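K.L.:
Below is one structure. I have some questions about it.
Any read-out appearing in this document is the output of simple, stated calculations on the displayed coordinates, not a laboratory observation. None of the values given here were measured: they were computed from a predicted structure. Here Cβ is always computed from backbone atoms with ideal geometry, including for glycine, and neighbour counts include all displayed protein chains.
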Amino acid sequence: MVGNLDQYEVKMKKSFQNLLDEFGTVRAGRANPHVLDRIKVDYYGTPTAIQQVANVSVPEPRMILIQPWEASMVKEIERAILVSDLGINPTNDGKMIRLAFPELTEERRKELAKDVKKKGENAKVAVRNIRRDANDMLKKAGKNSDVSEDEIKEQETKVQKMTDKFIADIDKAVEDKTKEILTV
């Protein structure tokens, strides 16, 4: 048996999962609490995720409701949302914060779809780089040991099949997200 290919599959899975996480933060015109995932608030001197200092809910399709557990956090959360790249102005009634998501324009939808495709391409590049690393490892193993060329070829075929599977998964995820964004 030549080197272990599991580590490369794990890396490919992580690349794919990272892409899905990035897609979760893309604003598709609907309220999605994951758009808040990257925003941190100052909680007694510690940068903390909004979900850890407040209850985040989606009472209607275009609205996120943030109810801090401490009244003093309302201003902090509002400030963090304003300085983020979310592009939505929060409304604050003293106890909770509302984020109203406006309808996306056709132009903005196409821009987001293009961005989704770009993120998908970056994920594919990452997967292909992992494939290259795996093939390099196999070539070195072939030179440094008494492993037959057939075994090396067999392992390279496994790596290629793994790569093809993840590329197909990425294409499907990009297609699904693009459809979601372009659906009015």
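K.L.:
If you take the Cα Rg of region 56-119 and divide it by 2.2 N^0.38 Å, with N the number of residues, what do you get?
P.N.:
Ratio of Cα Rg to 2.2 N^0.38 Å: 1.33.
K.L.:
Charges at C-beta only: +1 for Lys and Arg, -1 for Asp and Glu. How large is the resulting dipole of the chain about its Cα centre, in Debye rounded to 20?
P.N.:
Working: 33 positive and 32 negative charges, 59 e Å.
Roughly 280 debye for the chain.
K.L.:
Now for a different question. Do the sum for the chain: with -39,500 (n - 2.57) for every DSSP H run of n ≥ 4, divided by all residues, what is the mean residue ellipticity at 222 nm, to the nearest 500 deg cm²/dmol?
P.N.:
It comes out at -20000 deg cm²/dmol, rounded to the nearest 500.
K.L.:
Related question: Rounded to the nearest Å, what's the spacing between the alpha carbon centres of region 72-109 and region 122-184? Just the number, please.
P.N.:
First find each Cα centre; the distance between them is then 40 Å.
K.L.:
Still on this structure, please answer the following. Mind checking the alpha-carbon convex hull of region 140-184 and giving the volume per residue in Å³?
P.N.:
Value for region 140-184: 50 Å³ per residue.
K.L.:
Here is a further query. Using amide H atoms built 1.01 Å from N in the peptide plane, name the residues 5+ places from residue 5, or on other chains, whose amide H lies under 5 Å from its own.
P.N.:
Correct list: empty.
K.L.:
Quick one: give the max-minus-min coordinate of the C-alpha atoms of the chain along each principal axis, largest first, in Å.
P.N.:
Rounded to whole Å, the extents work out to 72, 41, 23 Å.
K.L.:
Residue by residue through region 36-44, what is 3J(HN,Hα) from phi via Karplus (6.51 cos²θ - 1.76 cosθ + 1.60, θ = phi - 60°)? Round to whole Hz and write x for glycine and proline.
P.N.:
For region 36-44, the Karplus curve yields 8, 3, 8, 8, 10, 10, 7, 10, 6 Hz.
K.L.:
If amide H atoms are built 1.01 Å from N in the plane of the peptide, which residues on other chains or at least 5 residues away come under 5 Å of the amide H of residue 63?
P.N.:
Under 5 Å from the amide H of residue 63 lie the amide H atoms of 31, 101, each far enough along the sequence or on another chain.
K.L.:
Computed FRET efficiency, Cβ-Cβ of residue 82 and residue 157, R0 45 Å: what is it to the nearest 0.05?
P.N.:
0.25
K.L.:
Follow-up. What is the spin-label model distance, in nm, from residue 176 to residue 103 if the labels are put 7 Å beyond Cα along the C-beta direction?
P.N.:
Calculated label separation equals 2.8 nm.
K.L.:
What percent of all Cα-Cα pairs in region 77-184 falls in each 5 Å bin, counting up from 0?
P.N.:
The calculated distribution, bin by bin, is 2, 10, 13, 12, 11, 10, 10, 8, 7, 6, 5, 4, 2, 1, 0.
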